[in-house]
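The values are calculated or read from the model by the stated rules, or taken from the named source; none is laboratory data. Just so you know, these numbers come straight off a predicted model, no measurement behind them. Here the Cβ positions follow ideal geometry from the backbone for every residue, glycine too, while neighbour counts run over all protein chains shown. Areas reflect the complete protein model, heavy atoms only, side chains present, ligands, DNA and RNA absent. Shrake-Rupley method; radii C 1.70, N 1.55, O 1.52, S 1.80 Å.
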Amino acid sequence: LAKTTQPISMDSYEGQEVNITCSHNNIATNDYITWYQQFPSQGPRFIIQGYKTKVTNEVASLFIPADRKSSTLSLPRVSLSDTAVYYCLVGPAANTGNQFYFGTGTSLTVIP
Amino acid sequence: NAGVTQTPKFRILKIGQSMTLQCAQDMNHNYMYWYRQDPGMGLKLIYYSVGAGITDKGEVPNGYNVSRSTTEDFPLRLELAAPSQTSVYFCASGTGVNEQFFGPGTRLTVL
């Protein structure tokens with residue numbers, strides 16, 4: 001089970017780009033990296049998933065170096081509504097439900 | 001398409017009481033999960049299911065039971081409520097491990 005390490009909290013001003021890095025030194029060959037966002041009193045919401053290099057969608061970008069021992073979630077020009085907890089998860093894409101560890105996440109606060 | 005629904009939204013139980021938290025999804029997902037989230041903490045997996053009739057324990061299964069008689073429903077049973085089970089419970093469903101869709105949660109207090 002590949003556990004992850006993230007910063008506990010981060011602050012950023014509105015309009016800035018935010019990068020949240022996650023360490024996963026024990027990532028397995030068939031593991032994917034997935035990021036979730038959670039607002040207070042809500043369930044987590046899937047943001048982005050990747051295996052290697054770079055993935056981009058309408059919400060964020062995910063950068064994964066060649067050794068895959070870390071990954072960086074990049075949020076462009078954050079707004080107050082991006083204040084949330086962000087979780088990095090590592091696990092296989094299918095077939096089991098047990099290999100899924102959320103950790104405590106990174107609490108991002110966007111400041112006006 | 002309602003996604004994942006959970007009932008009730010809130011519940012207060014006395015120590016030793018029992019209750020069932022309901023979870024239903026209309027996305028025809030095979031995988032379903034129950035998590036608990038204590039204040040300021042991440043989510044911990046209680047039980048999961050990879051299909052109707054198949055369930056397995058997660059990280060913190062003690063004090064809970066589940067069943068999966070249909071693809072749509074995945075109820076979580078608390079038999080003898082204890083204060084340590086005070087938490088927010090989230091149900092989720094998905095097509096595989098890494099992309100899950102979460103319900104709105106049930107906030108449970110045991111006094």
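Going residue by residue through the stretch A:2-22, is there one that turns out to be assigned to a strand (DSSP E or B), surrounded by fewer than 17 Cβ atoms within 10 Å (Cβ to Cβ) and at pLDDT below 95? The answer is yes; a qualifying residue exists.
Is at least one residue of the stretch A:78-99 part of a loop (DSSP other than H, G, I, E, B), surrounded by fewer than 14 Cβ atoms within 10 Å (Cβ to Cβ) and more than 9 Å from chain B (Cβ to nearest Cβ)? The answer is yes, given that some residue of the stretch A:78-99 is part of a loop (DSSP other than H, G, I, E, B), surrounded by fewer than 14 Cβ atoms within 10 Å (Cβ to Cβ) and more than 9 Å from chain B (Cβ to nearest Cβ). Within the stretch A:28-40, is even one residue under 18 Å from B:CYS91 (Cα atoms) and either without any contact (Cβ under 8 Å) to a residue 24 or more places away in the chain or in a loop (DSSP other than H, G, I, E, B) (or both)? Within the stretch A:28-40 (the criterion being under 18 Å from B:CYS91 (Cα atoms) and either without any contact (Cβ under 8 Å) to a residue 24 or more places away in the chain or in a loop (DSSP other than H, G, I, E, B) (or both)), the answer is yes, since at least one residue qualifies. Checked against the criterion of being more than 10 Å from chain A (Cβ to nearest Cβ), modelled with pLDDT under 95 and farther than 24 Å from A:ILE47 by Cα, the stretch B:86-101 has no qualifying residue. From the list B:PRO83, B:PRO75, the one residue that fits, being surrounded by fewer than 21 Cβ atoms within 10 Å (Cβ to Cβ), away from chain A (no Cβ under 11 Å) and farther than 14 Å from B:VAL4 by Cα, is B:PRO83.
Filtering the stretch B:46-69 to residues that are farther than 18 Å from B:THR86 by Cβ and in a strand (DSSP E or B) leaves B:TYR47, B:TYR48, B:SER49, B:VAL50, B:GLY51, B:ILE54, B:THR55, B:ASP56, B:LYS57, B:ASN65, B:VAL66. Considering only residues of the stretch B:6-36 that are more than 11 Å from the chain's Cα centre (by Cα) and not in a loop (DSSP other than H, G, I, E, B), which is nearest to B:ASP73 (Cα to Cα)? Looking at the filtered set, the residue picked out is B:GLN25. Cβ separations smaller than 9 Å between residues 6+ apart or across chains give the following pairs from the stretch A:1-25 residues that are on the phi > 0 side of the Ramachandran plot to residues that are among the charged types (D, E, K, R) and loosely packed, with under 12 Cβ neighbours inside 10 Å: A:GLY15/A:ARG77. Residues that are over 26 Å from A:THR106 (Cβ atoms) and open to solvent by 10 Å² or more (accessible area, probe 1.4 Å) within the stretch B:20-42 comprise B:THR20, B:GLN22, B:ALA24, B:ASP26, B:MET27, B:ASN28, B:HIS29, B:ASN30, listed in sequence order. For the stretch B:2-14, does any single residue satisfy the condition of being β-branched (Val, Ile, Thr) and over 17 Å from B:THR109 (Cα atoms)? Looking for residues that are β-branched (Val, Ile, Thr) and over 17 Å from B:THR109 (Cα atoms), one finds at least one in the stretch B:2-14, hence yes. Taking the listed residues A:PRO44, A:PRO65, the one that is within 14 Å of chain B (Cβ to nearest Cβ) and either out of contact with any helix residue (DSSP H, G or I) (no Cβ under 8 Å at 6 or more places or on another chain) or among the acidic types (Asp, Glu) (or both) is A:PRO44, with no other qualifying.
For the stretch A:23-36, the set of residues classified as open to solvent by 10 Å² or more (accessible area, probe 1.4 Å), within 12 Å of the chain's Cα centre (by Cα) and of a type in the set (S, T, N, Q) consists of A:SER23 only.
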